[in-house]
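Input: a single structure, listed below in structure tokens.
The values are calculated or read from the model by the stated rules, or taken from the named source; none is laboratory data. Computed from a prediction, not measured in an experiment: that's the story for all the values here. Please note: Cβ atoms are built from the backbone with ideal geometry, for glycine as well, and neighbour counts cover all protein chains shown. Side chains included, ligands, DNA and RNA excluded: accessible areas come from the protein's heavy atoms. Shrake-Rupley method; radii C 1.70, N 1.55, O 1.52, S 1.80 Å.
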Amino acid sequence: MDPKLFTVIPNGSIADLQPGKRRRPLADGILRIGHWGALYPLKGIHVLLEAVQQCRYKSQMEVHLYGGTSDDGYGAQLQQLAEGIRVEFHGPFRAQDLLKDVFDVVVMPSLAAESYSFALDEALAMGYPIVASDFGALGERLGTAGRTFPRGDRAALAGILDEFIERPASLTKFKVANPPITIHEHAELLEKLYEEVAGGEK
């Protein structure tokens, strides 16, 4: 079918989050890295930790992981990968819990072909610079809000994180071009479209 026949409406974010606390990038000399969601292999959390282990400035990095692990085996793997670097496992969380912390950058190293990513919505809504896998919806949606790296490429991710340590000001150049809309705004757009299709009749 002709794409011109379609009207695309952006998904509504399931969490109503606003920009929270801010600080000057690396204000205390530490790059604070955030990641949240279900901690299972396809989300690539091990890729993030392995990348940090490769970083030249890993002693100046701190990783905050929000979410529960998928199984004991993967949890043990992540704990092992966290040895020798600063990693805090916060466990299960609600979206509002993310506002209690302050990050310099959010990393989304998913190995899956994400179809949308509500976690990306949350990071965009809070205004964080984002580093994400270039695969699937993450690479398609990120735009000017951050940087991408080849899926699973630990060395490329490590290089980006090291660059932030060397040039903290580079973290301030990212801008959200298309902030997510709320679920209520999505419903309003959908209702308007239905009315147009129905000839304006309610």
Practice item. Inspect all residues belonging to the range 146-160 and state whether any of them is modelled with pLDDT under 90 and on the phi > 0 side of the Ramachandran plot. Key: no
Practice item. Kindly list, by first and then second residue, each pair from a residue in the range 59-77 that is modelled with pLDDT under 95 and open to solvent by 60 Å² or more (accessible area, probe 1.4 Å) to a residue that is assigned to a loop (DSSP other than H, G, I, E, B) and not charged (D, E, K, R), limited to pairs with Cβ atoms under 6 Å and residues at least 6 apart or on different chains. Key: Ser70/Tyr40
Check your understanding: Can you name every residue in the range 144-156 that is closer than 20 Å to Ala123 by Cα and surrounded by 14 or more Cβ atoms within 10 Å (Cβ to Cβ)?
Key -> Ala145, Gly146, Arg147, Thr148, Phe149, Arg151
Check your understanding: From the set of residues in the range 93-114 that are at pLDDT 90 or above, over 24 Å from Arg167 (Cβ atoms) and of a type outside the set (Phe, Trp, Tyr), which is surrounded by the fewest Cβ atoms within 10 Å (Cβ to Cβ)?
Key -> Ala113
Review point. So, of the residues in the range 157-191 that are open to solvent by less than 60 Å² (accessible area, probe 1.4 Å) and part of a loop (DSSP other than H, G, I, E, B), which turns out to be farthest from Gly12 (Cα to Cα)?
Key: Phe174
Exercise for review: Would you tally the residues in the range 1-25 being exposed (fewer than 15 other Cβ atoms within 10 Å of the Cβ) and either under 25 Å from Glu163 (Cβ atoms) or acidic (Asp, Glu) (or both)?
Suggested key: 7
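Tell me, please, whether a residue that is out of contact with any Leu (no Cβ under 9 Å at 6 or more places or on another chain), of a type in the set (Gly, Ala, Ser) and buried (at least 17 other Cβ atoms within 10 Å of the Cβ) can be found in the range 26-47.
We begin by selecting, within the range 26-47, every residue out of contact with any Leu (no Cβ under 9 Å at 6 or more places or on another chain); these are 27-30, 37-38, 40.
Now restrict to residues that are of a type in the set (Gly, Ala, Ser): 27, 29, 37-38.
With buried (at least 17 other Cβ atoms within 10 Å of the Cβ) added as a condition, the list becomes 37.
Yes - at least one qualifying residue is present in the range 26-47.
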Review point. List, please: which pairs have Cβ atoms under 6 Å, are six or more places apart or on different chains, and start with a residue in the range 1-27 that is closer than 19 Å to Glu191 by Cβ and assigned to a loop (DSSP other than H, G, I, E, B) and end with one that is open to solvent by 70 Å² or more (accessible area, probe 1.4 Å) and modelled with pLDDT of 75 or more?
Key: Ile9/Leu189; Ile14/Phe118
